[in-house]
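Participant: My questions all concern the structure below.
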Amino acid sequence: MIENSYPYKSASLEFYSTGYQELLPNCQQLNCQHKCAMVRNSTMCYCEDGFEIKEDGRSCKDQDECAIYGTCSQSCVNTYGSYACSCVEGYIMQPDNRSCKAKNEPTDKPPLLLIANSETIEIFYLNGSKMATLSSVNGNEIHTLDFIYNEDMICWIESRESSNRLKCIQITKTGRLTDEWTISILQSFHNVQQMAIDWLTRNLYFVDHVSDRIFVCDYNGSVCVTLIDLELHNPKAIAVDPIAGTVKEESGKMNLTLQIWIDVDSILKTQEQNDKPALESQNQKTLEFKVKIPEAFQEGKSSMKYVKYVFCFIIFTLHHVYNNVTSRRNKHCSKYIKDITTFRKLFFTDYGNVAKVERCDMDGMNRTRIIDSKTEQPAALALDLVNKWVYWVDLYLDYVEVVDYQGKNRHTIIQGRQVKHLYGITVFEDYLYATDADNFNIIRINRFNGSDIHSLIKMENARAIRIYQKRIQPTVRSHACEVDPYGMPGGCSHICLLSSSYKTRTCRCRTGFNLGSDGRSCKRPKNELFLFYGKGRPGIVRGMDLNTKIADEYMIPIENLVNPRALDFHAETSYIYFADTTSFLIGRQKIDGTERETILKDDLDNVEGIAVDWIGNNLYWTNDGHRKTINVARLEKASQSRKTLLEGEMSHPRGIVVDPVSGWMYWTDWEEDEIDDSVGRIEKAWMDGFNRQIFVTSKMLWPNGLTLDFHTHTLYWCDAYYDHIEKVFLNGTHRKIVYSGKELNHPFGLSHHGNYVFWTDYMNGSIFQLDLITNEVTLLRRERPPLFGLQIYDPRKQQGDNMCRVNNGGCSTLCLAIPGGRVCACADNQLLDENGTNCIFNPGEVLPQICKAGEFRCRNRHCIQARWKCDGDDDCLDGSDEDSLSCYNHSCPDDQFKCKNNRCIPKRWLCDGANDCGSNEDESNQTCSDDDCGDGSDEVGCVHSCFDNQFSCSSGRCIPGHWACDGDNDCGDFSDEINCTREEIHSPAGCNANEFQCHPDGNCIPDVWHCDGEKDCEDGSDEKGCNGTLRLCDHKTKFSCRSTGRCISKAWVCDGDIDCEDQSDEDDCDNFLCGPPKYPCANDTSVCLQPEKLCNGRWDCPDGSDEGDLCDECSLNNGGCSNHCSVVPGRGIVCSCPEGLQLGRDNKTCEIVDYCSNHLKCSQVCEQHKQTVKCSCYEGWKLDVDGQSCSSVDPFEAFIIFSIRHEIRKIDLHKRDYSLLVPGLRNTIALDFHFNQSLLYWTDVVEDRIYRGKLSESGGVSAIEVVVEHGLATPEGLTVDWIAGNIYWIDSNLDQIEVAKLDGSLRTTLIAGAMEHPRAIALDPRFGILFWTDWDANFPRIESASMSGAGRKTIYKDMKTGAWPNGLTVDHFEKRIVWTDARSDAIYSALYDGTSMIEIIRGHEYLSHPFAVSLYGSDVYWTDWRTNTLSKANKWTGQNVSVIQKTSAQPFDLQIYHPSRQPQAPNPCAANDGRGPCSHMCLINHNRSAACACPHLMKLSSNKKTCYEMKKFLLYARRSEIRGVDIDNPYFNFITAFTVPDIDDVTVIDFDASEERLYWTDIKTQTIKRAFINGTGLETVISRELD
């Protein structure tokens, strides 16, 4: 019994004995119905247990204990003065008379916990012990799971190689998992991470959090339909309740009914015996109950009325207890109970624009928000199917709450750090079970007592969780989607979805089919007609019915795009064509989702208009690049047939339409200059580009979309500057504004159909329909902006004929329509032949080859580097670069040395031990003696010194240190081979200790080849004296015969010859690659020929293709090869090159391999002169023994610092020791450090703070303090200026960059505005330059500015390679920026000005979603979210990828802690205690000079050095933001911004100037708050319900 009627009993007794006489008259005056209490000099009435005081303060009324959450575990019946708990079928009442425990049916299948982590699915008992049997399944990035209990089936989603898969497996009674299979889902499944299974229909419900939609598929995945794709901005969790549960909507009378005393003694007595009220027979439909009406309710009321009322309530209760009992409701009950009905519901969470928990029917209809207030990030969901409760987790507010299906009776279960990062939850009996991503715990929470929380299991990366038990998925006798006698679920042709009521269902059809009038059958429409449009954020192309009430789907969405701005279709092939502007490609996909491909991707700059010529099968497009072109290509083989039709004399070509029947094309050209309204225009030309003319130009500035009405010969367009839609006849007459209403904000796409015009609004994400007859505008759809082009897919629009219809008009490539005829055309690199129909490649050079600046043109038209002219080498291969006339008296530049053979070499190559001249004169004693006098007198008594990494010869010459004691006379006087230790001494003949010397030629072979059964020495001396003993073969170069162990060359394996006695060298050769220098026969690829078998006079190929005329082709002019000429069966001539040379583009001429530009040898600094390569190192690094790699000379050993959301850790780069630096964080993202001060900085995007701590020598971080506490929203980027002593950070929500001193003081806004999604930030204070990335979906870019904020510019925007620039760092040695791109999964590098961009690495298995990047020496390091790894690779080539560490959670930022990452330079701000010439803040400018800045609430004076106080500013508020800005410069913030979590939805702001406070109202939190203008003193003034 719940006792809350009188909480002051003990106190009243004490007072009663002392003050009774004084207060007794007061009690008598109250006239209490039950009793009067005297407490603390006052009196009050109270009631007995089970009752509570009425509003009059004296009367008692029954207390409704059932209205209190947790009174009963399941069913609760309120009685007069008490209540009774009961359990539904399948559960047993516990001794506490409130809790229900599930029956263990069957007894050999106890309830289990199914838990998925990133790699496995584990099965546990509810006490946390793991099942003894095999109970796990291996996967890859498992996101979610669900099951169908009656079918013993578990299903899950996992990610593999950038695609998701749905897999299922059988679970036996013993918990063993067997018979795994994959369900193929036809729709795009890449971004699906949450699902729920309807166990009655076996339908699968999915959430796509990127394309923002919820869709459902049938059991085998063959039919999928979209349920919800509007007003979803970040959908997360999903849960279903398909059973027939009861939900009551109570009228005002029901509240009275709950106060009636029901005589239920007999019911409860029977319940104790049988677990539920007894029925006289299975078919009984009428029940009689005795109802006692208390006297308090009889006055003036009809007792019969209450008897009927209670009877209805009993019927309602029986519905709840007996899920499978059918009882007919009395017709009079409708007066008292508004709705007793069955509900099947789908629930989901979403926290995009509005955080909410929603409910809808399982067919997607009747969508309702049940929670949309006091929640920020609702994530995991769980349902109590018995009580109809919804439990959810809020990741931001750190709570678990519950609400009923109607959105009422909301209650907090638990809140605080214990539940701050829950990933998944599930409900069973009295408990919630949850996975905690923060501390790898599986926890159990008493849902009726949140303080009762226990940890059950420790499991890393635990994600989805489910209880596997029979009662979790109750069954019903029948449902509306059961399979009919014809095998169709619910009689539906394709898919059957349960609806809202008990016996209703909804049939839906797969994409491309329409639902018949019978509501069951699916048919292909005779004429497909639908609207499709492109949108961004995320980039997707969607289709919709022109009648918004029809749910038929006509096309599978085209997903994983960025900005699909231009669209068109080809009805004959069912293709949708799209131009993804930001990805620089044109692609296509059929409306059924198949045959997705990119047809054009090169030389596409900014394509915003495409048009399909459906007769000539061509594609036209506009290209708003530097050339401004109109182009055309064939729909098939577009890249080989593209042709530029028009170029230049356009500002911004945008939309384009074609009229192939008439032979004309039309395009818009907009101008950004708003001064002249006649510069925007529409042009037209024949479809071959000729007869170009301006069609419309006056009163036009930003013409966007174009569309043609072929029936009335009318052209429509929309102007985004004037915000109207116009039309004109194709003969140029009757120009008219069609519509200019308020709905036109920024019209973008336009399409015509019948009597309607449709358009998209770019800014507000809307699609409108205009009735051209009534001028009525209808809003068809609203989405998250931006929206781009749209088209009406109607095959009837693509009719008509022209001369290109049959046989492509006789043209071999392009058939282009013109008025009254056609013109054949060719690709840009082709010409029409004499007959004017066929295309041929130019037989000669179209343009003479012109050598670049700094190159010399040879007589044979080859180009060589100019410095190679007259250097003694025949680089042209025709001698023209060494012509005696031009090379007479040839001289070298001042910084070069002239060899006797005319060769010029850098002077720094002199006396370095390498023979660079070829005649050794650059290393001669005469050259290296520095005898400037000529008689040696200037060198007498001088001491010559070499570098630390060099060896000093007796002659004073310096050679590389690793050349000493290598057996070679490098000094020329053998001084480098004297006094060598035994380990360094090589064999007398010059072979190393691990080599064998052949006799008598003295050649050296690896010692492992000695006695391996194969003669490697010419004389076979390596196999003599072996006494029959064979060594193991050298696995790198040799193959071991299976039976004898004899070693043969690997080149002999699978060459067609039997070299092993047991033929084992020719076994398993099916997959053996036959490549150079071996080639297959022309008609028999199973025979692979060694080069010596070609043209040897014998037929080694069965078809003789290795002999004959083929062998004479190299004898004529060497086959055209500059060096080696070979013949290949079936192919003819193949040219090859010696080592150090490679084939050029003509595949005939050999060119010198550019080792330096291609970074093929040196790890750091590389110099090359022809084939000679010199490696050196950066300052502070030394060359390693291999002559190519470099090592730091600094004794400090570098280590990695990285964050994994809740921790900061470090890894020693040499020992790979792994340790914890900072534990217990909320969500740390960005990191940086100040090496000289041993300071570590990091940001926390949950607490919205910036911290720092001291790195101690013991390996930890001490003295942790908050540096920046206020005015942060999402600080994703952080960087430290180690020279001037400042920190910079970037905020992706506030769209600004701020700067402060290292301690957080003197904070000011550096750059704000014109940012969309800034992410990472980096700087180089040696040059005063700052860089940052911006994910802007319309314009992804990398920008730079000086560290004082001046000179802002975009340095890289050519995002053909990717569109999500993520992590960013600086290569100080090379003056380059390096960034990761999370869309193309690649790492790129470019110079500080954005030029010379290179792709370092792309598409590696450990580079599947890179986040942060850093550098050290010659390696690039990065973190990857998908694989949870820290990896490194060569910073130039991306080669030698290795995993440094695999982490337990997603890694975020990383830094290499080493002094080389913060090179020193003069500090222009060093004077005046770091303030330089400034009164307050000193920043480094571009030219390494000092620039002054002022903190918030101050302004820089005219001398540009002194700050003065300024508290006059413009104050404004947006939904979740308050800013104060400079009135003259609104992008300069005068105060620290106020934002979430302090602000949710601000509506009104004001200020108190005397106290320097701001006041504002927040309608979401129902509060009035205030704070000082410096960001401190935030407090709530009023907190109550506000209207």
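Participant: Could you state the angle between the C-alpha long axis of helix 265-274 and the longest principal axis of the C-alpha atoms of the chain, as a value from 0 to 90 degrees rounded to the nearest 10?
Facilitator: Taking Cα atoms only, the helix is inclined about 40 degrees.
Participant: So for each of 438-449, 1409-1420 I average, over its residues, the number of other beta carbons within 10 Å; can you give me the resulting order with the highest mean first?
Facilitator: 1409-1420, 438-449
Participant: Solvent-accessible area per residue for segment 1285-1343 at a 1.4 Å probe radius, Å²? List each step's numbers first, then the result.
Facilitator: Working: 1170 Å² over 59 residues.
That works out to 20 Å² for each residue.
Participant: Considering the alpha-carbon set of segment 1475-1515 alone, what are its Rg and its Dmax in angstrom?
Facilitator: 11.1, 35
Participant: Where does segment 1119-1185 land on the Kirkwood hydrodynamic radius, alpha-carbon pairs, in angstrom?
Facilitator: 14.0
Participant: Could you tell me which of rounded, prolate or oblate describes segment 1130-1265, using a ≥ b ≥ c as the square roots of the eigenvalues of the alpha-carbon gyration tensor, with rounded for a/c under 1.5 and, failing that, prolate when a/b is larger than b/c and oblate otherwise? Could you put the intermediate results ahead of the total?
Facilitator: Numbers: a/c = 3.89, a/b = 2.40, b/c = 1.62.
Prolate, because a/c is 1.5 or more and a/b exceeds b/c.
Participant: Ok, one more. For segment 1240-1339, what D do you get in µm² per second when you plug the Kirkwood radius from alpha-carbon pairs into Stokes-Einstein at 10 °C and 1.306 mPa s?
Facilitator: Answer from the Stokes-Einstein relation: 113 µm²/s.
Participant: Here's something else I'd like to know. What do the square roots of 5 times the Cα gyration tensor eigenvalues come to for segment 1389-1471, in whole Å, largest first, as semi-axes of the equivalent ellipsoid?
Facilitator: Numbers: eigenvalues 139, 59, 26 Å².
Taking √(5λ) for each Cα gyration eigenvalue gives 26, 17, 11 Å.
Participant: Let me ask something else about it. How large is the Rg to Rh ratio of segment 751-858 when both quantities use alpha carbon positions and Rh follows Kirkwood?
Facilitator: Here Rg/Rh amounts to 1.27.
Participant: Let me ask something additional. Solvent-accessible area per residue for segment 1380-1495 at a 1.4 Å probe radius, Å²?
Facilitator: Values: 3950 Å² over 116 residues.
Here the residues of segment 1380-1495 average 34 Å² of exposed surface.
Participant: With contacts defined as alpha carbon pairs under 8 Å and 6 or more residues apart, what's the relative contact order of segment 17-100 in percent?
Facilitator: So the answer I get is 17 percent.
Participant: Can you give me the accessible area per residue for segment 622-745, using a 1.4 Å probe, in Å²?
Facilitator: Counting only protein heavy atoms, the per-residue value for segment 622-745 is 43 Å².
Participant: Compute the distribution of all C-alpha to C-alpha distances in segment 1337-1396, in bins of 5 Å from 0, and list the percent of pairs in each, rounded to whole numbers.
Facilitator: Histogramming segment 1337-1396 at 5 Å steps yields 4, 18, 29, 27, 16, 5, 1 percent.
Participant: Just grab the label-to-label distance for ASN97 and MET1397, each label 7 Å out from Cα along the Cβ direction, in nm (one decimal).
Facilitator: Those two pseudo-labels are separated by 7.6 nm.
Participant: Compute the signed sum of charges (Lys and Arg +1, Asp and Glu -1) over the other residues within less than 15 Å, Cβ to Cβ, of ILE1527.
Facilitator: That sum, taken over residues with Cβ under 15 Å, equals +2.
Participant: Here's a follow-up. Using volume of the Cα convex hull per residue in Å³ as the read-out, say which of [x] 299; [y] 258; [z] 653 was calculated from these coordinates.
Facilitator: [x]
Participant: Return the carbon/sulfur percentage of the accessible area of the chain, one whole number, probe 1.4 Å, all protein chains in place.
Facilitator: 48
Participant: Summing +1 for each Lys or Arg and -1 for each Asp or Glu, what net charge is found among the other residues whose Cβ lies under 11 Å from the Cβ of ALA817?
Facilitator: -2
Participant: Full extension from ARG596 to SER639: what is 0.36 nm times the residue separation minus their Cα-Cα distance, to one decimal in nm?
Facilitator: Result for the pair: 13.9 nm of gain on full extension.
Participant: DSSP loop (so not H, G, I, E, B), at most 12 other Cβ within 10 Å: list which trypsin sites (Lys or Arg not before Pro) in segment 377-420 pass both filters.
Facilitator: LYS408
Participant: Right, here's the next one. Within the set of other residues whose C-beta is less than 15 Å from the C-beta of TYR486, count the net charge using Lys and Arg as +1 and Asp and Glu as -1.
Facilitator: Combined, the nearby Lys, Arg, Asp and Glu give -2.
Participant: To continue, here is another question. Mind checking which aspartates and glutamates have their Cα closer than 19 Å to the Cα of LYS1504? Skip sequence neighbours fewer than 8 apart in that chain.
Facilitator: Leaving aside aspartates and glutamates fewer than 8 places away in the same chain, those within reach of LYS1504 are ASP1473, ASP1526, ASP1528.
Participant: So how much slack lies between ILE1058 and GLN377, counting 0.36 nm per residue of separation and subtracting their Cα-Cα distance, in nm?
Facilitator: Using 0.36 nm per residue and subtracting the Cα-Cα distance, I get 238.2 nm.
Participant: Can you give the extra length, in nm with one decimal, that the chain gains between GLU647 and ASP1303 once fully stretched, where that is 0.36 nm per residue apart less the Cα-Cα distance? Write out the running numbers ahead of the final one.
Facilitator: Numbers: separation 656, 0.36 × 656 = 236.16 nm, distance 5.68 nm.
230.5 nm is the gain from fully extending GLU647 to ASP1303.
Participant: Moving on. Can you tell me the Rg and Dmax of segment 683-745, counting just the alpha carbons, in angstroms?
Facilitator: My reading of the Cα-based Rg and Dmax gives 12.4, 40 Å.
Participant: Please provide three numbers in whole Å: the alpha-carbon extents of segment 614-661 along the principal axes, with the largest listed first.
Facilitator: 30, 25, 13
Participant: Order TRP1332, TRP199, TRP702 by their accessible area, 1.4 angstrom probe, all chains in place, largest first.
Facilitator: Numbers: TRP1332 0, TRP199 30, TRP702 60 Å².
Order by accessible area, largest first: TRP702, TRP199, TRP1332.
Participant: Additional query: Using a 1.4 angstrom probe on the protein heavy atoms only, could you order LYS173, LYS1505 from most to least accessible area?
Facilitator: Sorted descending by solvent-accessible area, the residues read LYS173, LYS1505.
Participant: Would you mind giving the three semi-axes, in whole Å and largest first, of the ellipsoid equivalent to segment 1469-1563 according to its Cα gyration tensor?
Facilitator: Rounded to whole Å, the semi-axes are 32, 14, 11.
Participant: From the cross-link list LYS167/LYS388; LYS458/LYS1215; LYS1182/LYS1435; LYS549/LYS727, which pairs have alpha carbons spaced over 21 Å apart?
Facilitator: Working: LYS167/LYS388 30 Å; LYS458/LYS1215 29 Å; LYS1182/LYS1435 18 Å; LYS549/LYS727 30 Å.
Result: LYS167/LYS388; LYS458/LYS1215; LYS549/LYS727 exceed 21 Å.
Participant: So how tilted is helix 9-30 from the main axis of the chain? Cα-based, degrees 0 to 90, rounded to 10.
Facilitator: That helix lies at roughly 50 degrees to the long axis.
The values are calculated or read from the model by the stated rules, or taken from the named source; none is laboratory data. Because the structure is a prediction, the values reported are computed rather than measured. All Cβ positions, glycine included, derive from the backbone under ideal geometry; neighbour counts span all protein chains shown. For accessibility, only protein heavy atoms count, side chains too; no ligands or nucleic acids. Shrake-Rupley method; radii C 1.70, N 1.55, O 1.52, S 1.80 Å.
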